[in-house]
Amino acid sequence: MSAESTGRSASVAPWFGAVVALQLAHLVAVATSAPERLPLVHDVAGWGSGLLAVLGTFAAASAFGSGDYLRKVWGGLAAGAALSLVSAALRSYWLHTVPDVPFTSSPLLPYRMVAVVLANVCTTYALILLALTYKQSGLQPESTPRTTALWAVTAVAALAVGVPSLVTEVRNLASGAASLPSTVIGFVSTLADMTTIFLVAPILRVAYMLRGGRLAWVWWAMGLSGATWLLYDARVWLAPLLPGDSAQAAELMRSLRTSGLVLLGLAGWLQRTALTPQKSVAPEASLHASAGAP
């Protein structure tokens, strides 16, 4: 590894360390809180991580000019993060004003459904554009057995995580155990998360291609965010396999939402800082130049 690459790794290490610290803080808070306090713990963590996701993605989007390819990507991610924060705000408002009534019985649920659907549409569209960025840059590598295996693993993981959830949502709606807005929220969120998991492969592939470059860390943060959502979505069937109480394990895994959101915000911030005048690395200059095309 070159001295330049080592310096770049050192410069981003505190940022990734901060993500780990925030995740550990959420885990400790969940592990040490009484069951009745868990909604408040997740609410506070959701606000903090959600705001960081909005700020980071907005910072990246504002760094590009109108018509730039990556402005569309980060604009979509910023819109998705903002709408996700709106959905969290609706649930948070109900939690603090009517704490004795479940949010599933709230008249605000249909409004949250709209926010969640729009957030997932914006985020999924943006991630698809992001995964296709390497084609825009002309850096599309040849397919190898290793990359094919990575695609296969992520596809299987997406199906393994998503299909059982989709079946459960349909059954709950048919039996009357869940309302239509709750089912739509669960169904759309699951489909979007399956897409995110599937896109982890091309995102990590680009990160590997750009290793040693300044933009590599943007892609690594995005890939790690997607991998975190994989674990988050798998908590329902992973929790019983973990030692201890399965309900407590599920709550602990639910805290992974913090890393998923904060890593997204970090990716945005790293994207913005990568757009400084230092553009001496050819692959990065090629990626940025082609990504700026309409």
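FYI, it's all coordinate maths here, none of it is from the lab. Treat the numbers as computed from the prediction; the structure is a model and nothing was measured. Here Cβ is always computed from backbone atoms with ideal geometry, including for glycine, and neighbour counts include all displayed protein chains.
When all alpha carbon pairs of segment 40-142 are counted in 5 Å bins from zero, the resulting P(r) reads 2, 13, 18, 19, 16, 11, 9, 6, 4, 2, 1, 0 %.
How much length would be gained if the chain were fully extended between Leu132 and Ser11, taking 0.36 nm per residue of separation minus their Cα-Cα distance, in nm to one decimal?
Numbers: separation 121, 0.36 × 121 = 43.56 nm, distance 2.76 nm.
Between Leu132 and Ser11, full extension yields 40.8 nm more.
The Stokes-Einstein estimate for segment 11-291, based on a Kirkwood radius over Cα pairs and taken at 25 °C with 0.890 mPa s viscosity, is a diffusion coefficient of 125 µm²/s. Once you divide the Cα radius of gyration of segment 46-92 by 2.2 N^0.38 Å, the number left is 1.20. Given R₀ = 25 Å, what would the calculated FRET efficiency be for Thr97 paired with Leu180, taking r from the Cβ atoms and rounding to 0.05? Given R0 = 25 Å and the Cβ-Cβ separation, E is 0.60. The label-point distance for Ala152 and Ser33, in a model that sets each label 7 Å from Cα toward Cβ, rounds to 4.2 nm.
What is the local net charge at His42, summed over the other residues whose Cβ is closer than 11 Å to its Cβ (Lys, Arg +1; Asp, Glu -1)? Present the calculation step by step, with values, prior to reporting the outcome.
Details: positive: Arg37, Arg91, Arg254, Arg257; negative: Asp43, Glu251.
Cβ neighbours under 11 Å give a net charge of +2.
With a cut-off of 12 Å between beta carbons, the residues surrounding Trp94 carry a summed charge of 0, where Lys and Arg count +1 and Asp and Glu -1. The stretch between Val44 and Leu238, if pulled fully straight at 0.36 nm per residue, gains 67.4 nm over its current Cα-Cα span.
Inter-label distance, Val20 to Ser66: 4.4 nm, where each label sits 7 Å from its Cα along the C-beta direction.
Dipole size of segment 11-291 about its Cα centre, with +1 on Lys/Arg Cβ and -1 on Asp/Glu Cβ: approximately 600 debye, rounded to the nearest 20.
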